[in-house]
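Q: I am attaching a structure below and will ask some questions about it afterwards.
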Amino acid sequence: MSPSPSPVFVAGTGRSGTSRLADIIGEHPLIHRIPMETRFLIDPGGLRDLADALTGRYDPTVGEDALHRLSDFLTVRVPGRRDDRGKTVPELVGERRYRDAVEQLWPQLIAYTFDEPAPAEGFGNADRPAGPFEPLSRRRVVPRYFSDRSELLGILRGLVDTIFGGAAADAGKPTWCEKTPFNLLCMEFLWELVPEATIVHIKRHPVSVLASHLAQPWAPATVDGALAYLKPIYDRWLTWKDTVDLTGRRYVEVKADDLAADWPGQRRALFERLDVDDFETRSAFQSHKLAQRNNQFDDDTREFIEEALGKVIPAMGYE
């Protein structure tokens, strides 16, 4: 097995076991689990949007907007979001490291800066007069255009290596694992960013996934609403999967149900595919915790859900 395994991205639909799987992978002595979803890789305003805005979608306005959004993401949103322990991403990966990495990013992405004088009416909306605290000017940037997308991806990869790789080194481990469920829909970008990465997709029966969504405050609380939320996720994933050949990629697909049914054997197979030796983790997948969603619906409701999901269920490997 490799003494320095590849980085790992964990993916899924949400409520499929991504958090548990990432925790387990992070218990391995060679892999550090980034302790919370950092979000700045694939979320709106993150690195994926910036990569498009400074390459194929470039014009000065699009690029400047993307830089504004990324700046807000990295300097306001990420440091301001806390996990259930009250920690922020910078605190978890090293505040000085995070701050320095972000500050070093901007000069690599900006071609020129200038100050735009405020018009007589200020930078307000429409004809609203300027208030007493309106700035006399505002800083503008001309973003770089990268005709070679790989050059930009190398810069963005440097940010990831500094933040994630540094956090792993602090933990005494050679590589890292990052979990965000919708990594599922962004695999091409993640492999562009980290070509050697392994993406682990954890699946769960779609009806159980839907049942679990109903209990989440961030998801619709009705069956119709949850179907409207979930089915396009499955449809988009399956449509993309039909267009690519994943056999030559570092792609691992596991089922939460299989992990629970034979945890030692499935754990050993998973770690083997991650190029690390088996390790008896503290955490495990347990059948009784997965089964609690199996009978959440009466027969008529379950039949309605299965009909609505249609081909999604067999396409995901379930009968």
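Q: I need the full set of residues from the range 28-60 which are acidic (Asp, Glu) and farther than 21 Å from Gly94 by Cβ, in order please. Give the derivation first.
A: Our first condition is that a residue be acidic (Asp, Glu); within the range 28-60, this holds for 37, 43, 49, 52, 59.
Across the range 28-60, the qualifying residues are Asp43, Asp49, Asp52, Asp59.
Q: Six or more apart or on different chains, Cβ under 6 Å: which pairs go from a residue in the range 1-20 that's closer than 28 Å to Gly158 by Cβ to one that's small (Gly, Ala, Ser)? Could you list them?
A: Listed pairs, sorted by first residue: Ser6/Ala197; Pro7/Ala197; Phe9/Ala197; Val10/Ala22; Thr18/Gly12.
Residues checked against (1) closer than 20 Å to His213 by Cβ; (2) surrounded by 16 or more Cβ atoms within 10 Å (Cβ to Cβ):
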site	(1), (2)
Ala256	yes, yes
Arg267	no, yes
Ser283	no, no
His288	no, no
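Q: Can you run down the residue pairs with Cβ atoms below 8 Å, 6 or more apart or on separate chains, where the first is in the range 22-34 and open to solvent by 10 Å² or more (accessible area, probe 1.4 Å) and the partner is in a loop (DSSP other than H, G, I, E, B) and of a type in the set (Gly, Ala, Ser)?
A: The qualifying pairs are Asp23/Ser283; Glu27/Ser283; Leu30/Ser4; His32/Ala171.
Q: With respect to Asp161, is the statement that it is within 22 Å of Val200 (Cβ to Cβ) and surrounded by fewer than 20 Cβ atoms within 10 Å (Cβ to Cβ) true?
A: The answer is yes for Asp161.
Q: What is the residue count in the range 132-150 for residues that are surrounded by fewer than 13 Cβ atoms within 10 Å (Cβ to Cβ) and in a helix (DSSP H, G or I)?
A: So the count comes out to 1.
Q: Related question: Anything in the range 168-206 that is among the acidic types (Asp, Glu) and closer than 12 Å to Val8 by Cβ? List them, or say none.
A: Restricting attention to the range 168-206, the residues satisfying the condition of being among the acidic types (Asp, Glu) are 170, 178, 188, 192, 196.
Across the range 168-206, the qualifying residues are Glu178, Glu196.
Q: Let me ask something additional. Looking only at the range 216-231, which residues are more than 18 Å from Leu185 (Cβ to Cβ), without any contact (Cβ under 8 Å) to a residue 60 or more places away in the chain and open to solvent by 30 Å² or more (accessible area, probe 1.4 Å)?
A: Result: Pro217, Pro220, Ala221, Thr222, Asp224.
Q: All but one of (1) surrounded by fewer than 20 Cβ atoms within 10 Å (Cβ to Cβ); (2) β-branched (Val, Ile, Thr); (3) within 21 Å of the chain's Cα centre (by Cα) hold for Thr247, so report the exception by its number.
A: Unmet for Thr247, out of (1) surrounded by fewer than 20 Cβ atoms within 10 Å (Cβ to Cβ); (2) β-branched (Val, Ile, Thr); (3) within 21 Å of the chain's Cα centre (by Cα): (3).
Q: Out of the residues in the range 82-108 meeting the condition of being open to solvent by less than 80 Å² (accessible area, probe 1.4 Å) and of a type in the set (D, E, K, R), tell me which one is modelled with the lowest pLDDT.
A: Asp83
Q: One residue is enough: does the range 297-316 have a residue meeting the conditions of a type in the set (Asp, Glu), touching a strand residue (DSSP E or B) at 6+ places or on another chain (Cβ under 8 Å), within 22 Å of Leu184 (Cβ to Cβ) and modelled with pLDDT of 95 or more?
A: Within the range 297-316, the subset of a type in the set (Asp, Glu) is 298-300, 303, 306-307.
Remaining after also requiring touching a strand residue (DSSP E or B) at 6+ places or on another chain (Cβ under 8 Å): none.
Among the residues of the range 297-316, not one is of a type in the set (Asp, Glu), touching a strand residue (DSSP E or B) at 6+ places or on another chain (Cβ under 8 Å), within 22 Å of Leu184 (Cβ to Cβ) and modelled with pLDDT of 95 or more, which makes the answer no.
The values are calculated or read from the model by the stated rules, or taken from the named source; none is laboratory data. From a predicted model like this one, the values you see are computed outputs, not experimental measurements. So basically every Cβ, Gly included, is an ideal-geometry build from the backbone, and we count neighbours across all protein chains shown. Surface accessibility is based on the protein's heavy atoms, side chains included, excluding ligands, DNA and RNA. Shrake-Rupley method; radii C 1.70, N 1.55, O 1.52, S 1.80 Å.
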